[in-house]
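To start, the structure under review is shown below, and the notes come after it.
Quick note: the coordinates plus some simple rules give every number you see, no bench work behind them. This structure is a prediction, so every number in the text was calculated from the model and none was measured. Cβ sites come from the backbone with ideal geometry, for glycine too, and all protein chains shown count toward neighbours.
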Amino acid sequence: MARRVLRHRLMVRLTHWTNALAIIILLMTGLNIFGAHPRLYWGNAGSVDQRERVWLETGASPPWRNPNGWIEIAGTRFDTTGVIGVSRTPTGGINFVAFPHWATLPAMRDLATARTWHFFAAWVLILNGLAWLLHGFISGRLWREILPSRRQLAPAHLWHDIVEHAKLNFPKGEAALSYEVLQRLAYAGVALVLIPIVILTGLAMSPGMDAAWPFLDQLWGGRQSARSAHFLAMSGIAGFLVLHLVLVVLSGPIRQIGAMITGRMTIAGDK
């Protein structure tokens, strides 16, 4: 017999939606900020003259009546016309920007506004993350639902979960009330690895932090290396966000999203 049970407590739901909003704002404003200098370097300094330090770059090539957009990664160039390097404005004109207007916040090139919103969302992410972490420690949820157990990390168990996900066989009944190992590794990786990297590299890129913590940029091998690590970590978070949304849709969006809004989930009981 089906029954409704409490799946997510109020603090979990609040921090989840706050985190989602902050990350979306950070991603979109970050793409706008990247467009001001669409190159990534390794080392302490970078400029258009230091080609040996560049590992990622976006741009456009002629003919200028019908330009080609491209992204170059480690010396290999890929055609990205219409999305990266060259895209269309809302009125149909040609826009020579790193990312299209629909992917950035603000939609137009506006470094000052993008930085303001980016810093605001960053502090929301930090404070919200601390609240989530404190709740996880006090309630025990961090060990009970986020960090994988030794049994779950056993090769046989890990492989079984990989196969079940590949077959799109999602947990049902009581099993749906806890996360399996792949979910736990993904959540722990984002919350405890990628987000801290984003925060620390963001601080390392701020000249104002030099006086307080002069070691921060050197921790990453230089300010430009910190910017590259920042970009890679946020790319990982963006990838997780896309995969997370796809799995929510495949496993039952009404049920999953409803549980994260109301806190309650309907599961099948014993026959």
Efficiency of FRET between residue 1 and residue 193 - r from beta-carbon atoms, R0 35 angstrom, step 0.05: 0.25
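Which of the DSSP-defined H helices in the chain satisfy a minimum axial length of 27 Å, computed from C-alpha atoms, and a minimum mean Kyte-Doolittle hydropathy of 0.5? Write out the running numbers ahead of the final one.
Values: long enough: 10-34 (35 Å, 1.48); 111-139 (41 Å, 1.15); 223-251 (42 Å, 1.24).
Helices meeting the span and hydropathy rule in the chain are 10-34, 111-139, 223-251.
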Charged-residue dipole, Cβ positions (Lys, Arg, Asp, Glu), the chain about Cα centre, Debye nearest 20: 900 debye
Alpha-carbon spread of the chain, three principal axes, descending order, Å: 69, 46, 37
Computed over the chain: relative contact order in percent, which uses C-alpha pairs under 8 Å that are six or more apart: 26 percent
Per-residue [θ]222 nm for the chain (sum of -39500 (n - 2.57) over DSSP H runs n ≥ 4, rounded to 500): -15500 deg cm²/dmol
Fully extended contour minus Cα-Cα distance, from residue 147 to residue 56, at 0.36 nm per residue: 29.4 nm
Distance (nanometres) between label positions extended 7 Å along Cα→Cβ at residue 14 and residue 206: 2.5 nm
Stretchable slack from residue 115 to residue 246, in nm (0.36 nm times residue separation minus alpha-carbon distance): 44.2 nm
In nm, spacing of pseudo-spin labels at residue 254 and residue 133 (7 Å Cα→C-beta vector): 3.9 nm
For region 85-101, Karplus couplings with θ = phi - 60° (6.51, -1.76, 1.60), whole Hz, Gly/Pro x: x, 9, 8, 9, 6, x, 8, x, x, 8, 10, 8, 9, 4, 10, x, 4
